[in-house]
1. If I go through segment A:44-68 residue by residue, how many of them are buried (at least 18 other Cβ atoms within 10 Å of the Cβ) and touching a residue at least 60 places away in the same chain (Cβ under 8 Å)?
2. Can you tell me which residue within segment B:380-419, out of those that are touching a Lys or Arg at 6+ places or on another chain (Cβ under 8 Å) and away from every other protein chain (no Cβ under 11 Å), is farthest from B:Leu442 (Cα to Cα)?
3. Would you confirm, using the coordinates I've provided, whether B:Val226 is among the β-branched types (Val, Ile, Thr), within 14 Å of another protein chain (Cβ to nearest Cβ) and under 31 Å from the mean Cα position of the chain (by Cα)?
4. Please determine, by comparing only the residues of segment A:346-362 that are open to solvent by 10 Å² or more (accessible area, probe 1.4 Å) and of a type in the set (Gly, Ala, Ser), which one is nearest to B:Thr426 (Cα to Cα).
5. Return the residue satisfying two criteria in turn: it lies in segment A:89-116 and is β-branched (Val, Ile, Thr) and open to solvent by less than 70 Å² (accessible area, probe 1.4 Å), and of such residues it is nearest to A:Tyr60 (Cα to Cα).
6. Of all residues in segment A:310-325 being small (Gly, Ala, Ser) and under 39 Å from the mean Cα position of the chain (by Cα), which is nearest to the other protein chains (Cβ to nearest Cβ)?
7. How many residues are part of a helix (DSSP H, G or I) and within 14 Å of B:Ile70 (Cβ to Cβ) when one looks only at segment B:99-115?
2 protein chains.
Amino acid sequence: MTIKVLQTLIETKKYKSIHEVLSEYNSVDLSELLSKLDESDRVLVFRMLDKQKAAEVFSYMDNDLRQSLIKTFTKQEIGNIINEMFADDAVDFLNDMPSNVVTQLLENVSHETRESINHLLGYSQDSVGSVMTSEFIKLKPNMTVRQALNKIREIGLDSETVYTCYVVDKRKLIGIVTAKDLMINDESVLLTDLINTKYISVHTNDDKEKVANLFRKYDLIAIPVVDSENCIVGIVTFDDAIDVLTEETTEDMQKMAAMTANDEQYLKTSVWKHAKNRIVWLLVLMFSATITGIITRYESAFAVVPLLVSFIPMLMDTGGNCGSQSSTLVIRGLAVEELNFSDTFKIMWKEFRVSLLVGGALSLANGLRIMLMYRDIKLSIVVSLSLLGTIIISKIVGSVLPIAAKRFRLDPAIMAAPIITTIVDTFSIVIYFQIATIAFNL
Amino acid sequence: MTIKVLQTLIETKKYKSIHEVLSEYNSVDLSELLSKLDESDRVLVFRMLDKQKAAEVFSYMDNDLRQSLIKTFTKQEIGNIINEMFADDAVDFLNDMPSNVVTQLLENVSHETRESINHLLGYSQDSVGSVMTSEFIKLKPNMTVRQALNKIREIGLDSETVYTCYVVDKRKLIGIVTAKDLMINDESVLLTDLINTKYISVHTNDDKEKVANLFRKYDLIAIPVVDSENCIVGIVTFDDAIDVLTEETTEDMQKMAAMTANDEQYLKTSVWKHAKNRIVWLLVLMFSATITGIITRYESAFAVVPLLVSFIPMLMDTGGNCGSQSSTLVIRGLAVEELNFSDTFKIMWKEFRVSLLVGGALSLANGLRIMLMYRDIKLSIVVSLSLLGTIIISKIVGSVLPIAAKRFRLDPAIMAAPIITTIVDTFSIVIYFQIATIAFNL
């Protein structure tokens with residue numbers, strides 16, 4: 001159904017048809033559809049959704065859209081939506097609201113919902129606690145498959161994640177039973193015979209990147225979150241893990257391009273905020289680049305051989321590119337937990353050999369070009385040697401700095417192209433003019 | 001259990017204890033454990049695993065480990081492992097073998113397995129077909145819940161993905177039924193009453209990035225793959241989608257750092273291959289950077305005011321950084337389908353305003369620095385104006401090129417820092433010396 005059809009149905013007040021069509025749509029596409037309606041139509045259509053669907057659609061909306069929608073709602077109506085939302089989605093929504101509004105809204109939700117939301121609101125934005133949900137299926141070890149299925153039927157409708165059930169004894173998590181176990185076994189079998197006690201779990205305060213990497217490694221649908229006494233307090237589901245991976249990667253890329261990480265969408269971010277996120281690093285890098293002002297020390301060199309200046313951009317760019325190749329590989333390797341600190345020397349040794357090959361090939365190509373263009377052997381050798389030296393240093397610096405950052409508990413992603421380039425530029429200019437000074441007796 | 005305990009058990013030939021301990025371990029950790037044993041022990045332990053577990057552990061090993069393991073196996077033994085593997089994992093394994101070996105191995109697997117593997121081997125590496133598996137649960141619309149559960153019990157043990165079942169009529173996919181539907185409904189209910197016909201599906205030849213983005217958007221556990229006649233030929237599961245997302249992001253980052261994409265692990269890639277992946281782009285960029293040799297046109301300028309040369313690195317670096325900030329945001333926005341071609345003008349307008357703010361701030365800071373250091377108003381204005389011009393151009397070029405690449409069906413990721421820097425360098429040098437020439441009457 002296109003947006004036009006929906007608009008026509010609204011104009012002609014065909015409410016029954018609208019209702020029918022809406023019920024067939026999934027929540028993701030519905031929230032997209034609603035974003036394209038104008039405000040009054042949006043409220044109208046939203047109110048026609050049944051309670052649970054409305055909460056789901058609301059979860060998938062972005063913040064601006066939610067704000068515009070709830071302007072016309074009473075606190076009680078908003079409370080009803082929150083009651084129907086998954087706790088983690090509700091927390092996402094409330095995190096974007098002023099805290100006095102949050103307090104007012106929470107007065108209108110059920111005692112149970114309020115408790116779990118308040119609990120989740122307490123976790124830091126980077127922790128597993130902030131992405132977990134408190135809806136999951138708790139079973140007892142002495143239940144039969146039949147009793148377990150009955151329990152799921154009773155509370156299952158509200159829970160997206162009935163596929164891994166958690167067997168709890170005196171509040172402690174003792175193991176998991178999968179929906180598959182329940183489906184393929186006889187109804188009289190006891191859960192104690194099905195339970196898997198070698199489960200993977202995380203703690204509430206673990207970094208959310210850690211839990212996302214566990215999903216990547218173990219192909220799980222959900223991972224239980226336990227507190228320090230191994231009591232289960234929530235679960236993280238694979239879809240949240242995909243969101244965390246996407247978000248962390250975006251943040252890594254932003255940091256690698258010398259920006260402050262920002263999880264808002266590009267077009268939704270204001271010009272001011274865009275500028276703010278970019279200026280700090282640019283200023284730092286700009287002032288660092290003035291170190292390359294040491295170039296003036298070699299004033300006499302480029303006064304005598306002005307052609308020397310023309311190779312500066314090529315040397316600087318090639319050094320920067322070589323360094324950022326190495327740093328990118330190492331940063332990504334660290335992020336997906338393929339590399340770690342103990343690999344430092346293996347990485348350095350590999351980069352050194354790669355830099356000899358790459359440096360050799362590029363120096364040769366560049367040396368030949370200079371010979372052909374300027375017929376000057378000395379110039380050709382000076383530039384080629386400088387290029388080789390620059391490439392070796394770039395690759396070593398580019399590979400070591402991200403690991404060093406990780407070691408000092410900094411984000412390796414900041415040790416990417418921009419900083420590496422600035423550092424390598426200085427090296428390349430010093431190498432270049434030192435070699436030139438000797439060769440041309442300046 | 002640490003590797004040492006396992007080694008001791010092997011040395012003391014405590015086979016029964018080994019067997020017990022192994023059965024409690026999950027396949028991911030077991031494959032890691034096996035990688036740390038020496039070759040003969042590894043074969044010994046692997047042979048102690050039961051058939052299905054052995055196949056799973058084998059799936060999680062990397063290629064080198066698999067090769068070393070199967071050296072001592074007969075073709076028949078390898079065939080048995082392949083029979084037990086999921087078809088998509090088997091294809092991954094076979095793709096790394098020489099084609100004559102593949103033919104020999106396939107002679108030793110069941111007719112059914114051979115057919116589905118041959119089918120999957122036919123899809124291109126970038127297509128959905130290459131990541132789908134042919135194991136899934138097919139149901140008929142006139143079945144009851146009881147019959148469906150019986151069918152799952154019968155074939156379910158082999159299938160990781162019983163949680164979404166596919167209702168098929170005359171080979172055509174007509175809808176899906178979830179395991180949750182089967183669990184919470186009465187056994188006599190007909191599937192026709194539970195079926196969801198508004199499912200999301202993909203075609204075998206769709207790009208695998210497309211299906212991965214559908215998982216990101218719709219939070220699904222599995223997506224059916226259909227052919228041109230809407231017959232279901234396989235499914236893609238969320239864990240494969242996480243792998244595709246990880247792989248695509250790694251490839252994007254590699255391309256953004258001017259490398260040929262490579263999905264091998266860093267330490268497993270040979271020095272030669274590392275060098276080969278990096279040299280081509282470096283050569284292209286190095287020769288492009290020689291365009292900035294136009295700097296020699298301004299020889300007279302820096303002969304008269306040698307200080308001018310000292311600001312070149314700062315200008316070039318800042319331009320490069322500004323451009324790569326913009327290109328990174330746009331490349332990532334395109335990859336997660338948050339931005340698309342129709343946003344081009346919105347993006348340009350936003351980047352223009354951001355560049356005024358960023359350029360203004362940086363020019364001011366830099367102008368003040370030059371005033372303080374050199375007490376030369378003219379120099380300060382020349383450098384600041386050049387900086388402002390460079391930043392505006394960098395941000396526009398950096399944001400537009402990735403979109404243009406996408407439009408021409410190139411990968412936007414290649415329009416990242418390295419190319420942007422090379423292009424922007426030329427602009428910044430021309431702007432700088434044109435302004436300087438006028439200001440200093442050179």
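The values are calculated or read from the model by the stated rules, or taken from the named source; none is laboratory data. Being a predicted model, the structure only gives us computed values, none of them experimental. Quick reminder, even Gly has a Cβ in these numbers, built from the backbone with ideal geometry, and neighbours come from all protein chains shown. Note: accessible area is taken over every heavy atom of the protein model, side chains too, but ligands, DNA and RNA are not part of it. Shrake-Rupley method; radii C 1.70, N 1.55, O 1.52, S 1.80 Å.
1. 0
2. For segment B:380-419, the residue satisfying everything is B:Asp411.
3. Spelling it out, it is not the case that B:Val226 is among the β-branched types (Val, Ile, Thr), within 14 Å of another protein chain (Cβ to nearest Cβ) and under 31 Å from the mean Cα position of the chain (by Cα).
4. Here the residue is A:Ala361.
5. A:Val91
6. A:Ser324
7. Going through segment B:99-115 one residue at a time, the tally reaches 4.
Matching residues to (1) touching a Leu at 6+ places or on another chain (Cβ under 7 Å); (2) closer than 30 Å to B:Gly367 by Cβ; (3) not aromatic (Phe, Trp, Tyr):
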{"site": "A:Arg297", "(1), (2), (3)": "no, yes, yes"}
{"site": "A:Pro313", "(1), (2), (3)": "no, yes, yes"}
{"site": "A:Val330", "(1), (2), (3)": "yes, no, yes"}
{"site": "A:Glu337", "(1), (2), (3)": "no, no, yes"}
{"site": "A:Leu356", "(1), (2), (3)": "no, no, yes"}
{"site": "A:Ser386", "(1), (2), (3)": "yes, no, yes"}
